[in-house]
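Contents: one structure, followed by commentary.
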Amino acid sequence: MVLNSMEKPSSSRKSSTKVKASSDANTSLSMLNEDLLQNILARLPAVPFASAACVSKAWNSLCKRILSRPKLSSALSLNPSLPDAVNEVVQRVLSEPIRPHFAIANTGTGFCTSKTLRLIRQSLGSNIPVIVTVANGIIGRDAITDEFKEVKWGALFSGFGEETYAKSINEGLVLTVGYLPGLKVEAVPLRRPQKSSQAPWVDNFIKDIKEYSAIASGRQFPVGIILFGEASSDMKLVLEKLDYAMPMDTIVVGDERGSFDFVHKSGNDSRIICSKRGNVEAVALVFAQDRDRSLGTIRFHVALSDGVSTVGPRYKAASVRSNTTDCATWLTARREGQQELLDGQSILLDINNLLDNHIESPDLYIGVIKHRKFSTGAEKPMPRTCVAYHGIVGGDEEYLYVDGIGIKTGDFFQFYFSDPSTALASLTKVHEALKNITLERNSKSFKGDGDNAANVFGGLIFACYGRGESFFGRPNVDSSPFLENFPGVPFSGIFCGGEMVRPCTTVIGQCEGASPFSCCLHVYSTVYLAMSYTPPSVED
């Protein structure tokens with residue numbers, strides 16, 4: 001670029017100048033101490049870092065050493081301009097060396113998901129899975145100010161007196177980019193043609209996940225799945241079948257309801273799929289072991305903060321009517337051990353009388369204990385017991401009305417209400433459970449300074465939209481277990497329309513009294529996904 005504004009030298013002079021400049025540069029660089037050079041390279045943004053890795057074999061070796069461990073990078077922007085917001089978060093997540101293996105962007109309804117996806121792909125490339133979803137709020141560090149924020153979309157009141165006005169806040173996004181050497185990542189869609197039965201398509205979805213994992217790792221089951229459901233879909237059957245089909249150590253977390261665009265690869269081709277136009281009910285970001293690469297161990301740890309408490313006796317569903325069009329159920333019930341048939345008005349009157357001492361009216365749900373048989377494909381159905389939450393819509397002199405379907409006559413259920421006290425007690429347990437991950441560095445099973453211990457390098461949060469500052473009375477409560485246990489570690493999150501986490505061997509932090517039965521779709525909860533890395537031992 002400089003030469004274009006100067007008189008061009010002759011070809012021989014130009015050649016000799018290039019040789020001399022190259023020689024001088026190589027001589028200067030070769031004099032740099034290797035540790036110093038590595039320190040310089042480690043401070044480069046992602047794009048110049050990628051160029052530096054191509055300079056020479058020595059530089060490439062140093063760059064590989066710098067990126068020998070997994071990384072997560074995230075940033076949040078509330079800029080109302082979509083191009084500016086994307087530019088802010090992309091510049092922040094690429095401000096350090098990273099080679100993106102996947103990206104998740106969560107936006108408000110004020111941003112177009114397809115445009116957001118296109119802008120992100122222009123910066124991160126077209127060869128990685130990228131998922132863009134509409135969430136009920138976002139969690140993360142501001143790309144410009146570095147301030148940590150929990151933001152729920154809604155009305156922001158400004159001004160004083162008669163000049164007070166409400167401004168709808170629904171523009172912003174949080175971007176999370178991950179580099180996970182040792183794992184392969186792909187977006188797998190759940191497709192279902194309109195007016196077709198859901199069950200066989202869920203079976204195909206699980207089959208696709210298993211096939212991808214087998215190709216990537218030689219193992220039938222992945223390490224983890226981050227799942228995003230479409231707003232109008234009922235994810236209960238999807239989660240129940242996933243819980244049945246996957247081994248206990250496969251993590252499944254996510255958001256039940258939203259809309260999304262994502263990049264799906266088929267062979268060497270990548271294409272954008274929109275949930276609103278592609279008959280896609282869900283998309284799974286699947287993490288599978290890389291059979292060709294093993295650089296230590298990446299583990300997913302899951303913690304759950306409950307936010308509901310039980311109230312009243314157990315009931316047994318008597319008559320049940322399902323409205324598949326509205327995805328709702330009408331039912332009558334009897335108290336456990338009694339014969340009197342109760343309508344919705346009588347049941348809700350009893351429950352509300354028990355909640356009279358609450359200053360604010362809490363949200364109500366029923367937790368239905370379902371004894372069902374599950375199978376995938378041609379397998380023999382096997383009995384399983386699970387709990388499914390259904391929100392209370394209302395009640396009259398005929399029926400109790402709840403959202404969702406799948407309840408049967410004879411199912412037992414109990415009422416639950418949103419309870420900040422339960423949530424705070426559960427958060428204390430989550431805090432202590434996550435703290436134990438960091439304490440592994442001091443474990444006697446590790447020698448020396450603990451460099452071979454598990455290190456948390458990032459995480460994700462899926463919090464109920466009903467929680468947050470309005471629920472607890474102060475900000476950033478849901479994020480506190482991460483903020484206090486892992487200061488400086490990048491993590492991000494969203495406020496959900498339904499928090500998904502399957503009960504597996506690594507779920508930690510649940511309160512005493514939690515249901516002993518399997519439950520994958522929670523209410524008024526917060527799900528924490530912490531990612532840790534243990535480097536290979538010296539013997540390896």
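The values are calculated or read from the model by the stated rules, or taken from the named source; none is laboratory data. Remember, predicted model here, so these are calculated numbers, not experimental data. Heads up, the Cβs are rebuilt from the backbone with ideal geometry, glycines too, and the neighbour counts pull from every protein chain shown. To get the accessible areas, we keep the full protein, side chains included, count just its heavy atoms, and leave off ligands, DNA and RNA. Shrake-Rupley method; radii C 1.70, N 1.55, O 1.52, S 1.80 Å.
Given the peptides 350-357, 477-484, arrange them by the average over their residues of other C-beta atoms within 10 Å, most packed first.
Ranking the peptides 350-357, 477-484 by packing returns 477-484, 350-357.
Report P(r) for the range 257-412: all Cα-Cα distances, bin width 5 Å, range 0 to the bin holding the largest distance, values in whole percent.
In order of increasing distance, the bins hold 2, 7, 11, 14, 13, 13, 12, 10, 8, 5, 3, 2, 1 percent.
Listed highest first by mean packing, meaning other Cβ atoms within 10 Å per residue, what order do 210-218, 378-386 come in?
210-218, 378-386
In the neighborhood of Lys184, defined by Cβ-to-Cβ distances under 10 Å, what is the net charge if each Lys or Arg adds +1 and each Asp or Glu adds -1?
Combined, the nearby Lys, Arg, Asp and Glu give -1.
Across the range 88-104, in residue order, what do the Karplus-derived ³J(HN,Hα) couplings come to in whole Hz, using 6.51 cos²θ - 1.76 cosθ + 1.60 with θ = phi - 60° and x for Gly and Pro?
4, 6, 5, 4, 6, 5, 9, 7, 10, x, 6, 10, x, 9, 7, 9, 10
Gain in length, Gln345 to Ser95, computed as 0.36 nm per residue apart minus the alpha-carbon separation, to one decimal in nm?
84.2 nm
May I ask you to order 401-414, 335-348 by the average number of other C-beta atoms within 10 Å around their residues, highest value first?
With the highest mean Cβ count within 10 Å placed first, the list reads 401-414, 335-348.
Using a 1.4 angstrom probe on heavy atoms only, work out the carbon and sulfur share of the accessible area of the range 309-362 in %.
Roughly 44 percent of what the probe reaches on the range 309-362 is carbon or sulfur.
Quick one: of Lys149/Lys184; Lys241/Lys370; Lys64/Lys184, which pairs are farther than 25 Å apart, Cα to Cα?
Among Lys149/Lys184; Lys241/Lys370; Lys64/Lys184, the Cα-Cα distance tops 25 Å for Lys149/Lys184.
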